Structures are given as structure tokens and as C-alpha cells.
Amino acid sequence: MAKITPVEERPPPPGPKNFTEWYLLSYNQVSFLGWFWILYLTISKLYETQGDYRPVFDLVWPSLQYVQTAAVFEVLHSLFGFVRAPIMTTGMQVASRLFLVWAVNFVVPEIHSHWSFSTMVIAWSIAECTRYVFYIFHLSGGGVPSVISWARYNFFLILYPLGVFSEMMMVYQALPYAKAIDPLYYYGLIAVALVYIPGKDD
């Protein structure tokens, strides 16, 4: 009787192994493209105008409002266990961004030409592009290049203070107009900024 040679099991190929991982990979790819587009628009407009930041808002806002609001999905990912990120931390990070987009910039158009909008968007978009590229490589299963890992954990040292300072400046610029709109809105901006802005970014 012939001897049966056991078939050696091959390791599964790298990359997404189930629907959730495929979905997360696609989500991160789309999010990266969205933030890269915003970064491109901002930098190209500043270059075109030789540093004049005043036209940046009108060019970037149509994309920014959708791309940033889509980050609500990240709260759902945490809620349903798609990722291991704590839901409270994720929720505060997303809420702080939505606060700046909808409770500040959407309501107070007078601040749109201030330089802090451009620096805020640059800080956000570089941070998000770096973060999403990191996740894309990780989910693809081929390993994360060292330069991406380095950028992921070191760009933070510059982008975090730049982002927070820009956000606080946006709120500060909005306060006189907020007070004219409604005193409750004025004090609400101050209270929410103190709670949410320090909890931003990863």
C-alpha cells in the first residue's frame, strides 16, 4: 500500500481576510484620497496666490465638509468592534473636528479669510494622510514601511501643536461674531472648545 504523504498547508496570503478587513481597507483608501485632495487644493492655491490664504476656504470647503463629516464612520467602527480604538477617545477626536467645521466655520463666515483656517487644514490633512497610509499598509498585510511608521509617530510633534493653535485661533476669531449672534452660542463655543479641542487627534 502506497504511503500517503501529508499535504503541507500553505500560509494564507497576506492582506484582508474577511469582509470587515476589506471594508476597512477600502474606507482607509477613500479617506486617504479625500484628505490628499484637500491638501493638494490648499497647497496649490497658496502656491498660486503666492501665500495669500484668503481664497483657500472657498476652494477647500466643499470637499472638507464631506470628508471630515465622513469621519463619523470611525465612531461606528469603534462602536461595532471593527477596530480596537476606544469609543470615547474616537468620539472626542471626531467631535472636536466636527465642532470646528460645523459649529464654528459653518456658522461664522466672517472668519473664513483668516490664516488659521489654512494652517488648520494643512495640519489636519497631513496628519490624516499619514494615518490612513499607515492603516492601508497594515491592512494590506505586507508590512508598514519604516518611513511611514516614523512619520506616523513623529509628525505628531509638529502637527499637534500647529493644529491645536490653529483651532483655538479659529474659535478666538469667531467669538466676537458669536456674541452678536447669541450669548449662549458665545459661551457655548468657549465651553465646548475647552472640552473637545484638547482631546483631538491621535
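The values are calculated or read from the model by the stated rules, or taken from the named source; none is laboratory data. Everything numeric here is computed off the predicted structure, so don't read it as measured data. Because the Cβ atoms are built from the backbone with ideal geometry, glycine has one as well, and the counts that use them run over all protein chains shown.
At-a-glance table
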quantity	calculated
Checking Ser166 against (1) more than 15 Å from Val101 (Cβ to Cβ); (2) at pLDDT 95 or above, the condition it does not meet	(1)
Within the range 49-76, considering residues that are under 15 Å from the mean Cα position of the chain (by Cα) and not hydrophobic (A, V, I, L, M, F, W, C), the one farthest from Gly34 (Cα to Cα)	Glu74
The range 64-82: number of residues that are within 20 Å of Met170 (Cβ to Cβ), out of contact with any Gly (no Cβ under 7 Å at 6 or more places or on another chain) and either part of a helix (DSSP H, G or I) or not aliphatic (A, V, I, L, M) (or both)	5
Enumeration of residues in the range 31-63 that are part of a helix (DSSP H, G or I) and free of Cβ contacts under 8 Å to residues at least 24 places away in the same chain	Leu33, Tyr40, Leu41, Ser44, Lys45, Tyr47, Glu48, Leu59, Pro62
Flag for Lys200 being modelled with pLDDT under 95 and of a type in the set (Lys, Arg)	yes
Residue within the range 114-131 that is over 27 Å from Arg54 (Cβ atoms), surrounded by 15 or more Cβ atoms within 10 Å (Cβ to Cβ), at pLDDT 95 or above and not acidic (Asp, Glu) present	yes
All positions within the range 85-111 that are closer than 21 Å to Phe57 by Cα and part of a loop (DSSP other than H, G, I, E, B)	Phe106, Val107, Val108
Identity of the residue in the range 123-142, closer than 19 Å to His77 by Cα and among the hydroxyl-bearing types (Ser, Thr, Tyr), that ends up farthest from the chain's Cα centre (by Cα)	Ser140
Test: Val171 is part of a helix (DSSP H, G or I) and within 14 Å of the chain's Cα centre (by Cα)	no
Of residues in the range 84-109 being crowded, with 18+ Cβ neighbours inside 10 Å and polar (S, T, N, Q), the one farthest from Leu189 (Cα to Cα)	Thr90
Test: residue in the range 45-52 that is surrounded by 14 or more Cβ atoms within 10 Å (Cβ to Cβ), under 21 Å from Leu98 (Cα atoms) and modelled with pLDDT of 95 or more	no
Sole residue being surrounded by fewer than 20 Cβ atoms within 10 Å (Cβ to Cβ), in contact with a Lys or Arg (Cβ under 9 Å, 6 or more places away or on another chain) and on the phi > 0 side of the Ramachandran plot, chosen from Gly141, Gly81	Gly141
